[in-house]
Structures are given as C-alpha cells and as structure tokens.
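The values are calculated or read from the model by the stated rules, or taken from the named source; none is laboratory data. Because the structure is predicted, anything quoted here is derived from the model rather than measured. When we count neighbours, we look across all protein chains shown, and the Cβ atoms used for this are built from the backbone with ideal geometry, even at glycine.
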Amino acid sequence: MFYQQADNHINKYTKNLKSMIGSTVQCNLGGPEKGEGILLKVGLDYCVLQCDEQVYYYPLHHIKGYTLIQKDDNSEENSNTEDNGNENNDNNKNLKCPIVVPGRRFVDVIDRLKGQKVQFNKGPSKIKGTVVGRDTHHIILEVNDEVLYVSKFHIQNMCWDYCNSNNNQQSHDDSKDDKNNDNNKNSSSTNDQENNDQKNNDQKNNDQENNDQENNDQKNNDQENNDQKNNDQENNDQENNDQKNNDQENNDQKNNDQENNDQENSDQKNNDQENNDQENNDQENNDQKNNDQENNSQRKNNMDQWWRWYDSLWEKQPRK
C-alpha cells in the first residue's frame, strides 16, 4: 500500500511511519530523490532511512509518499552471500549498527553535525560541503572555501558519510595489524584487544554525548516554550489593559456626551420658559393697553353725553 501525504496531517503521517520502524520502506515515487532502505528512526519532522551504505535524513514535508516493501528473506540472503565477500564483512557489521545522529527535529541534527561534511539532495541539485551553522531559514555550508546559504525548505534529504571515514580508519588499522601479525602474533592480539576496548569506550562516550545533547535540546525546547508562554501572557495582559483603557475612555466620552445633552436640554427649557414668560408679559401689556383704550373711550362718551345733557338744560331755561 502506498501512502500519500495529506495537507496538515503531519502528526498522522509520523504515526504511520513509526509503525514501520525496522522495516524496508520506499520514500517518494521515483526520480533521484527516491530512497529505499530500512527505516531507522522517525523524529518530529524527519525520518532516517538506511540505504545501502548510507544513512539518509528525509524532512517529512518533502516526502510525497511512502510504501512498505516486502522482501523474500531467502532470496535476500542468497544475494548477500553472492555479492559480498570477505572484504565487505566489516562493512556489513557497521551497517548492522549504523550511527544515527540524535535530535528531535531536523535542525537539531544539523546542529550536531557542525564541522562535518554532509550532502544535501541527490541528482543535479546535489550539494556537498561542511556544515558551518544555521539561521532561521538557511543552513550555512562551506563549499570550496565559499560560504553557501541553503534554504531549509528546499532540502529534500541529507546524508552524513560516516562509513567512508570508518572504512579508511579500519583499513589503516588492518594494515597495521597485518604487519604486527607478521612480526608478533601475541602483540597483534593485544593490539586488537586494545582497539576493541578503545572502540567500546568511544561508543560509550558517543552514547553519553548523544544523551547529554538530547537532554540539552529538551531543556532548550522547554525554555523556548516557557518564554513563548510568558510572551503570550504579557501580550494578553497588554491587550486586556488596552481594552480596559478603551472601555474607560468610551464610558467617559458617553458620560460627557450625556452631560452635554442634559445641559443643552436644560438651556433649551430655560430659553423656552423665558420666551413663554416674555409672551405672557407682552400679552398682558397688550390687554392692559386695550383696557385703558376702552376705558378712555367710555369716559369720553360719558363726557360727551353729559355735555349734551347740560346743553339741553340750558336751552330749556326761559330767557329774560
């Protein structure tokens, strides 16, 4: 069954891969970036695949799909016995215990390989160089005495060729052992024992360093998470304070507007009252004038009537 990666389903994608650890897996459909080998490890955002004599690290966001490959054990054993001679026995022993660089994330693996020679991608986009460091979006390589910034997003796979260095060291040791065997078998066996002890000590030291590095990576990640939480809390507090200040300003503005409206209403009422009083006074004055006018007219009429009456009396008296 061939599994294809769905958008925003990295967690489920990782869970499916973890169930295949130790099995033969093919990553991607084809092309130069296709990888087929034993799945050794699955990190948070990458997986480790042992392909022939190389160990490849595949970022999960660049794996378009993967499938579990079922192989016949008998045919595999026959092919191994026909293809591999005595000279490859040591390499097979190394492949049974491949060195996997520890790290929870792909960038943690890059940090551990600082100063080591690595290869990014395959085919025409292949890049070989020495890891110098990294920043937020790039891996920094030294290629032919030049500094090259490689985008992390465009790294489809990465391998650290530790087998070649081990093989060179082993061949050098073998040549020395052959000479020592010719001179003295006893000293050769002693040297072999010392070499084995040295290898065991180196392996223990490497395991201890790997454990220490993983612990440090975990502490750093926890510290970053705590710092992020503190920053988020401070931002939330700042937003809450800003919201409270805005609410207070809005309430103050509403209160001021209400006071202004009340003041305007009061002023309007006072103006209306004054206008009404003025109208009433004007009406009273007009009424008073009308009454005075009527009274004057009445008096004049009365006076005219009296004079007419008086004149009539005067005319009625006899003349002498």
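Tabulated results
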| quantity | calculated |
| --- | --- |
| Among the candidates Asp262, Asp277, residue that is over 30 Å from Gly43 (Cα atoms), more than 59 Å from the chain's Cα centre (by Cα), part of a helix (DSSP H, G or I) and modelled with pLDDT of 90 or more | Asp277 |
| Which numbered condition Pro59 fails, given (1) at pLDDT below 85; (2) in contact with a helix residue (DSSP H, G or I) (Cβ under 6 Å, 6 or more places away or on another chain) | (1) |
| Of all residues making up region 14-42, the number that are in a loop (DSSP other than H, G, I, E, B) and either touching a His at 6+ places or on another chain (Cβ under 9 Å) or surrounded by 19 or more Cβ atoms within 10 Å (Cβ to Cβ) (or both) | 2 |
| Number of positions in region 112-124 that are touching a residue at least 60 places away in the same chain (Cβ under 8 Å) and either part of a strand (DSSP E or B) or over 21 Å from Thr14 (Cβ atoms) (or both) | 4 |
| Residue in region 10-17 that is of a type in the set (Val, Ile, Thr), in contact with a strand residue (DSSP E or B) (Cβ under 9 Å, 6 or more places away or on another chain) and within 20 Å of Trp160 (Cβ to Cβ) present | no |
| Conditions (1) modelled with pLDDT of 70 or more; (2) crowded, with 16+ Cβ neighbours inside 10 Å; (3) over 24 Å from Cys47 (Cβ atoms): number failed by Asp145 | (2) |
| Scan of region 114-128 for residues that are at negative phi and either among the acidic types (Asp, Glu) or loosely packed, with under 12 Cβ neighbours inside 10 Å (or both), ordered by number | Pro124, Lys126 |
| Options Lys219, Lys300, Lys254; residue that is closer than 30 Å to Phe106 by Cα, surrounded by 10 or more Cβ atoms within 10 Å (Cβ to Cβ) and out of contact with any Phe, Trp or Tyr (no Cβ under 7 Å at 6 or more places or on another chain) | Lys219 |
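Residues are listed down the side, and each one gets a yes or a no for (1) among the aliphatic types (A, V, I, L, M); (2) more than 25 Å from Ile110 (Cα to Cα); (3) more than 37 Å from the chain's Cα centre (by Cα); (4) at pLDDT 75 or above:
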residue: Thr190; (1), (2), (3), (4): no, yes, yes, no
residue: Gln208; (1), (2), (3), (4): no, no, no, yes
residue: Glu214; (1), (2), (3), (4): no, no, no, yes
residue: Asp232; (1), (2), (3), (4): no, yes, no, yes
